1. Return a whole-number percent for the relative contact order of the chain, with Cα pairs under 8 Å and 6 or more residues apart as the contact set.
2. Which of HIS197, HIS134 comes first, and how do the rest follow, when ranked by fewest Cβ neighbours within 10 Å?
3. Filter the trypsin sites (Lys or Arg not before Pro) in region 56-120 to those in DSSP coil with at most 10 other Cβ atoms within 10 Å of their Cβ, and list the result.
4. Test of understanding: what is the full-extension gain from ARG88 to GLU172, defined as 0.36 nm times their sequence separation minus their Cα-Cα distance?
5. Would you calculate the separation in nanometres between label points at ARG72 and MET97, each defined as 7 Å from the Cα along the Cα-to-beta-carbon direction?
6. Would you list THR141, THR98 from fewest to most Cβ contacts within 10 Å?
7. In whole Å, what is the distance between the alpha-carbon centres of region 157-177 and region 127-142?
8. Starting from 0 in steps of 5 Å, tell me what percent of the Cα-Cα pairs of the chain lands in each bin.
Amino acid sequence: MEKTTLRLALPSDPRWVNIAEKNIEHILVDHAFCEQKAASSCISLILQYPEKTALVDRLSPVVAEEWSHFERVIALLRKRGYALGFPRKDVYVSELMTVLKKGGSREQQLVEKLLMNALIEARSAERFKLLSQHLTDPELTSFYHELMISEAGHYRNFIELAKVYWDPAQVEIRWQEFLYEEALIMKNLEIRSDRFH
């Protein structure tokens, strides 16, 4: 991640990592579902755009990696005596969905989805970095450092794919709009002890 600039317009509230550490069971449960949703999102893109060879080739390994992360979080839950429980509504992602532009060409719709996924990965990488730097549990700091690097790579994948399927200059303009809107969402989002985002 040191070589990747996430370019988020607003950093996470510094209070989040302190709340997360005090409620690590809830954070791990929500994190597990975030990984499951990330894998599902990539599968969905592959199914919707099977003719996009670069997309299929780039995202297929990401599916496997995200599912591996899901399994590893499950293992951490089991090791600590926690149950997975049920998924929670992801208000952050729900709010991001409202930023997506409707209509346009098939490629424009693809780019919207790619940029939204890039943003989720960027925010996740930022949060993993906070956890890796501030948690006192050595097992978790090491785990989240590793995932931080992985998620930053996924973020790059989505941005680069968007530039394959649309004019790079227009992608950059739209990315800046996404960053602006995401900052507003983050500014108004309640810090929850049971949510990763």
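Since every read-out is calculated from the coordinates, none of them should be taken as a lab result. In this text, all values refer to a predicted model and were calculated from it rather than measured experimentally. Here the Cβ positions follow ideal geometry from the backbone for every residue, glycine too, while neighbour counts run over all protein chains shown.
1. 34
2. HIS134, HIS197
3. Within region 56-120, the qualifying trypsin sites (Lys or Arg not before Pro) (loop, at most 10 other Cβ atoms within 10 Å) are LYS89, LYS102.
4. Extra length from ARG88 to GLU172 when fully extended: 27.0 nm.
5. Rounded to a tenth, the inter-label distance reads 2.8 nm.
6. Ordered from fewest to most neighbouring Cβ atoms within 10 Å, THR141, THR98 come out as THR98, THR141.
7. After rounding, the separation between the Cα centres reads 31 Å.
8. P(r) for the chain, in whole percents per bin: 1, 7, 16, 21, 21, 16, 10, 5, 2, 0.
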